[in-house]
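Encoded as structure tokens, the structure appears first; notes follow it.
The values are calculated or read from the model by the stated rules, or taken from the named source; none is laboratory data. Everything quoted here is computed from the prediction, not taken from an experiment. All Cβ positions, glycine included, derive from the backbone under ideal geometry; neighbour counts span all protein chains shown. Note: areas computed on protein heavy atoms with side chains; ligands, DNA, RNA excluded. Shrake-Rupley method; radii C 1.70, N 1.55, O 1.52, S 1.80 Å.
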Amino acid sequence: SILGILILAILVSAIPQYHLTMSVFQVSITYVVAGSLIFSGAAGNSFTRYVADQIFLNRSTFIISNLNGLMLLITTVGGILSFFYVLLLFPQQNIVYRFLLIGCFIVLSNIWVVITLLTALKDYRAILEAFFLSYLIIVSLAYYLRDYGVDGFLFSFLVGQLLLLLNLLIVIYKEYPTNSVIDFH
């Protein structure tokens, strides 16, 4: 992911008028990544322990429904917290930037939980392929939307991260059948 952002920075920063825009984008993404890791880290690690227990007990049908429950919780709490965060700390930014920042935070928070689960399952190839595709889309779309400034870059990042999350979820959903949609064990 860092390599993808660096490639984008090299492509766009070669044009002098985008130099400041790229710096603002990189700082924004750095804070969103750090904040989402801090916010969702404990949940992801606890969930991995829960998954290991369910696999040991031959009750893997509970994994997907509880993952959905955890993601709903992360999305709700993360959405509320990030809304107030951007409302209070980014009053000088436009509304599009703030909502894109909230979206990136929520999606990344969910991605960390899903990646922690896939890493625990040792499905490194699926993770690598999903990241490669996602960041290829981010770099391409951001370069195309560069005239929209930071908003265009953040939109590209959000679209790529949503596709990454969906790809990772498809891998997990194929791996584990379930009997229910959502659960909170």
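The share of accessible area on the chain that comes from carbon and sulfur is 71 percent, using a 1.4 angstrom probe.
The mean accessible area for residues of the chain, using a 1.4 Å probe and ignoring ligands and nucleic acids, is 55 Å² per residue. Under the simplified labelling scheme, the Leu89-Thr30 pair shows an inter-label distance of 1.4 nm, with each label point 7 Å from Cα along Cα→Cβ. Dividing the helix sum by the residues of the chain, where each DSSP H run of 4 or more adds -39500 (n - 2.57), gives a mean residue ellipticity at 222 nm of -29000 deg cm²/dmol. By the Cα gyration tensor, segment 99-185 has an equivalent ellipsoid whose semi-axes, rounded to whole angstrom, run 27, 15, 9 from largest to smallest.
Restricting the calculation to alpha carbons of segment 33-105 gives Rg and Dmax of 15.8, 53 angstrom.
Say R0 is 22 Å: what FRET efficiency, to the nearest 0.05, do Leu81 and Asp183 get from their beta-carbon distance? The value I calculate is 0.40.
Once both labels are positioned 7 Å from their Cα atoms along Cα-to-Cβ, the gap between Leu6 and Thr119 label points is 1.9 nm. Between Leu20 and Phe99, the simple label model (points 7 Å from Cα in the Cβ direction) yields a spacing of 2.6 nm. When Rg and the Kirkwood radius Rh are both evaluated on Cα atoms of the chain, their ratio Rg/Rh stands at 1.01.
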